[in-house]
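Participant: Encoded as structure tokens, here's the structure I'll be asking about.
The values are calculated or read from the model by the stated rules, or taken from the named source; none is laboratory data. A quick note: this is a predicted structure, and the numbers were derived from the prediction, not measured. In this analysis, Cβ positions are derived from the backbone assuming ideal geometry, glycine residues included, and neighbour counts consider all displayed protein chains.
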């Protein structure tokens, strides 16, 4: 599994377009990966398994993109990419590393997850199983706890923040996103590893689902 950190140049026109349209950001990231897995099912043997999240540094306003993939990316093309005004897509060389995650029963980890917490309405009354966002904090925590039970961990603490409601007008899509920061404990290492590799929740092609982990600071 590979983790990369991109620093975006917000003077580049494509960067601004990609930030406004997350699916286009997803396509830009896929463009630097080997062609073999682009059209593979996400859980297929040759799939890239790409997950990403856009983070904004509060002090500077700079946007970083964290990218996780099954296959080794080659960022040379994106590092050389410029717009018509010769503004580069990236501000610096991409930081990338190969990791082999291993988890232990009972292990505690700090986490960050940008998610699209939703629930599906019943199919009666003309709803046709429509999905809607969960806007109450208690509903968001309950959603996260259900995902934890499914994916081999318990939530010890979680603070929902960075709640956004954004639109991708080109693709006629709306997104409700919540960032969770907290501490979790591994209850099933195998299931948890699968969740880390595959991501959590819906909307993975739109920048949701990447579970970032770090040792707990005492």
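Participant: Go through the range 208-218 residue by residue and tally those that are part of a strand (DSSP E or B) and under 14 Å from residue 49 (Cα atoms). Can you show your working first?
Facilitator: Of all residues in the range 208-218, those part of a strand (DSSP E or B) come to 211-215.
If we keep only those that are under 14 Å from residue 49 (Cα atoms) too, we end up with 211.
Residues that pass the stated criteria total 1.
Participant: Something else: List, please: which pairs have Cβ atoms under 8 Å, are six or more places apart or on different chains, and start with a residue in the range 130-145 that is assigned by TED's automatic domain parsing to the domain that holds residue 180 and end with one that is in a helix (DSSP H, G or I) and surrounded by 17 or more Cβ atoms within 10 Å (Cβ to Cβ)?
Facilitator: 134/140; 134/143
Yes/no per residue for (1) in contact with a helix residue (DSSP H, G or I) (Cβ under 8 Å, 6 or more places away or on another chain); (2) at pLDDT below 90; (3) more than 25 Å from residue 197 (Cα to Cα):
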site	(1), (2), (3)
34	no, yes, no
39	no, yes, no
52	yes, no, no
76	no, no, no
104	yes, no, no
110	no, no, no
115	yes, no, no
124	no, yes, yes
130	no, yes, yes
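Participant: Quick check on my filter: what residues within the range 178-207 are in a loop (DSSP other than H, G, I, E, B), modelled with pLDDT of 95 or more and crowded, with 20+ Cβ neighbours inside 10 Å?
Facilitator: Of the residues in the range 178-207, the ones in a loop (DSSP other than H, G, I, E, B) are 187-188, 199-203, 207.
Among the residues that remain, those that are also modelled with pLDDT of 95 or more are: 187-188, 199-200.
The answer is 199, 200.
Participant: Among the numbered conditions (1) more than 16 Å from residue 50 (Cα to Cα); (2) in contact (Cβ under 8 Å) with a residue 60 or more places away in the chain; (3) part of a loop (DSSP other than H, G, I, E, B), tell me where residue 72 comes up short.
Facilitator: Of the numbered conditions (1) more than 16 Å from residue 50 (Cα to Cα); (2) in contact (Cβ under 8 Å) with a residue 60 or more places away in the chain; (3) part of a loop (DSSP other than H, G, I, E, B), the odd one out for residue 72 is (1).
Participant: Any residue at all in the range 83-94 that's out of contact with any strand residue (DSSP E or B) (no Cβ under 7 Å at 6 or more places or on another chain) and modelled with pLDDT under 90?
Facilitator: No; the residues of the range 83-94 include none that is out of contact with any strand residue (DSSP E or B) (no Cβ under 7 Å at 6 or more places or on another chain) and modelled with pLDDT under 90.
Participant: Which members of the range 132-153 meet the condition of being in a strand (DSSP E or B), surrounded by 12 or more Cβ atoms within 10 Å (Cβ to Cβ) and modelled with pLDDT under 95?
Facilitator: Correct list: 133 only.
Participant: Next question. Within the range 151-162, track down each residue that is within 20 Å of residue 119 (Cβ to Cβ) and without any contact (Cβ under 8 Å) to a residue 24 or more places away in the chain.
Facilitator: 160
Participant: Restricting to the range 79-96, give me the number of residues that are surrounded by fewer than 18 Cβ atoms within 10 Å (Cβ to Cβ) and either free of Cβ contacts under 8 Å to residues at least 12 places away in the same chain or outside any loop (DSSP other than H, G, I, E, B) (or both).
Facilitator: Start the filter on the range 79-96 by keeping residues that are surrounded by fewer than 18 Cβ atoms within 10 Å (Cβ to Cβ), which leaves 79-80, 82-88, 91-93, 95-96.
Filter once more, so that each one left must be either free of Cβ contacts under 8 Å to residues at least 12 places away in the same chain or outside any loop (DSSP other than H, G, I, E, B) (or both): 79-80, 82, 86, 88, 95-96.
Residues meeting the conditions: 7.
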